[in-house]
Each structure stands twice: as structure tokens, then as C-alpha cells.
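Below is one structure, written out as C-alpha cells, with a few remarks after it.
Read-outs throughout are calculated quantities, based only on the coordinates presented, and are distinct from any laboratory measurement. Owing to the predicted nature of the structure, the values given are computational and were not obtained by experimental measurement. All Cβ positions, glycine included, derive from the backbone under ideal geometry; neighbour counts span all protein chains shown.
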Amino acid sequence: MATHNDSIFREGQSTIRPPFFDGNDYPYWKTRMRIYLQALDYEIWEIVCDGPFMPLTKNEVGEDIPKPSRKWNELEKRKATLNSKAMNALFCALDKKEFHRVSSCESANEIWHKLEVVYEGTNQVKESKISRYTRQYELFQMEQNESVYSMYTRFTDILNTLGALGKTFSNSEKVKKIIRSLPKEWRPKRTAIEEAKDLNILPIDDLISSLISYEEDLAAERGNEEKKKNIALKASEQESDEESELDEEEMDMLARRFRKLFKKSGE
């Protein structure tokens, strides 16, 4: 049976095993896999980007030709091995279907490029996707009654997708975009930030933290106003009840007087 702490403190993913890819959410996997490969060895990531290292030598006419492996020195052997390490890491990250898709590739660079083409498309398709998501970025607005956390999550999803496609934005661009996306009721906070901070150097995390703090203050104020309204409503209802009781007493008194007058009239 899971305890309360089990539901709160969950283990993170392994730093030893590569992030697993089963064909879903390629932009997320691509970003995590890039960091994983760089953490293994930055030269491994360079092999993925640029292709395998191949030691060369000169032939009789001075042309570069592949150097026989038996003549490789220790440094050349180590650098030539990086491609195999990169391929192994990529293969270990793929499920059976994705593995078969790239199993015929002979370099990590070829594997990486093939997955990009499958899930991002050719350069023409990629440009189309960049255009579409850039449009989403340009039109981005915080929705009515949306929390800062939810808004920032949507914004980050767009940025991550564009980043995986090679389109990035500077910190100041992202900060200014978030500021412009705030609705009218946030205008006092927006003005305060613009007057007090230099948006060209304000870290986006500091901006989001400030907005969340302001959101909590607004929620507290609304809560206090709601309490005051409830108190006023209860007081009004109590007053109404008391008035109703007085009305009933007055009616009883009038009824008694009417009966007395009726008796006298009858006599």
C-alpha cells in the first residue's frame, strides 16, 4: 500500500540509462537525448553532429586516404571508438520498432539524421513546422482565468518544439513576450515590472516567480472580499429574520385587537 510520502517523493529518472523513445513526443526525447550524449562525453555529441572520425594518411601522390586500423595510434583508436559508443547509446534508447527503422545505419550521425527526417520531416517540412509554431509563439496570450503555471507550461511547450526544430529565442525576447501576453487585469503588475526592471537582462525564471507571487496576492484579496461578502450576507439574512419575527408579533397584536373590537361590536 502506498504511503502519503510515496505519492509525494517520487524517484527521478536514471542518469545512467538513456531516455527511452517509443515514437511518441519526439521533441521531448530529442532534447533529453542530446543532453544525455553531451553528458557522456562532449566529443560523442560532436560525432553525432559531424559524423564519425576516420584517421587518414597520405598515399603516394599526396592524397588523403583512410589509414589502416593496424596503424592507428592510441588517440586515433579512442576517437574512432566514439562513433560506436554513440551508436550504442542511441540503440539502447530505442524500442524495437524504432531500432529496426535505423538498424541499417552505420554511424550515429546517420541514425540521428534519419530520426529527424522521420519525425520532423525534410528541410521543407521542417520550415513549414517552424513557421506554424512561430505563428503560435507570436499570437501567444495568457487565457482568461488561466494560472501563471498553466500559461508558462503552454509557452514552454511551444519553445521546446521550436528549439527541437532549430528555432530559438533569447531570454529577453521570451521575457518581453510573456509581459505582452498578460491580460488587462494584470496591467498594474505589468507596468510595475516594466518600470522597475530592465527587461533585457531580467531572467525569465525571476519574472515567472514574480507573476506567481502577484497571482497569490490577488487570490488572497479575492478570498478576503468573498469573506466580507459572506459576513454581510449573513448579517442581512439575520436582520431579515428579525424583521420577520417583528412583523409576526405586530400581526398577532393587531389580530387580538380586532377580535376585541369584534366582540364589542357583537354585544
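Let me check I've understood the local charge: for residue 131, count other residues with C-beta under 11 angstrom from its C-beta, Lys and Arg +1, Asp and Glu -1. What total comes out?
On the way: positive: 126, 129, 132, 135, 167; negative: 127, 138.
Around residue 131, the surrounding residues sum to +3.
Put a dot 7 Å past the Cα of residue 259, heading toward its Cβ, do the same for residue 15, and the two dots end up 9.1 nm apart.
For the stretch 98-148, the residue among 131, 148, 108 whose Cα projects farthest onto the positive side of the dipole built from Cβ charges is 131. Averaging the inverse of every distinct alpha carbon separation and then flipping it gives the Kirkwood radius. What is it for the stretch 7-68, in angstrom units? It works out to 15.0 Å. Backbone amide hydrogens, once placed in the peptide plane, bring residue 21 within less than 5 Å of 94, 95, excluding anything fewer than 5 places away on its chain. Where the alpha-carbon atoms of the stretch 47-138 are placed on the principal axes, they occupy 57, 34, 20 Å, in descending order. Of 197, 184, the sequence from fewest to most neighbouring Cβ atoms within 10 angstrom is 184, 197. 3J(HN,Hα) along the stretch 35-40: 5, 4, 5, 5, 5, 4 Hz, from the Karplus curve 6.51 cos²θ - 1.76 cosθ + 1.60 with θ = phi - 60°, whole Hz, x for Gly and Pro. Spin-label model, residue 251/residue 169: points 7 Å from Cα along the beta carbon direction are separated by 6.7 nm. About its Cα centre, the stretch 11-120 has a charge dipole of approximately 340 debye under the convention of +1 per Lys or Arg Cβ and -1 per Asp or Glu Cβ, with nothing else charged. Using the structure shown, select from 97/126; 30/77; 129/189 the pairs with a Cα to Cα distance greater than 31 angstrom. Correct reply: 129/189. Counted by Cβ distance under 14 Å from residue 83, the other residues give a net charge of -3, where Lys and Arg count +1 and Asp and Glu count -1. Here the label points at residue 104 and residue 141, each 7 Å from Cα along the C-beta direction, are separated by 5.0 nm in the simple model. May I ask for the net charge around residue 194, where only other residues with Cβ less than 12 Å from the Cβ of residue 194 are counted and Lys, Arg are +1 while Asp, Glu are -1? Net local charge, residue 194 excluded: +4.
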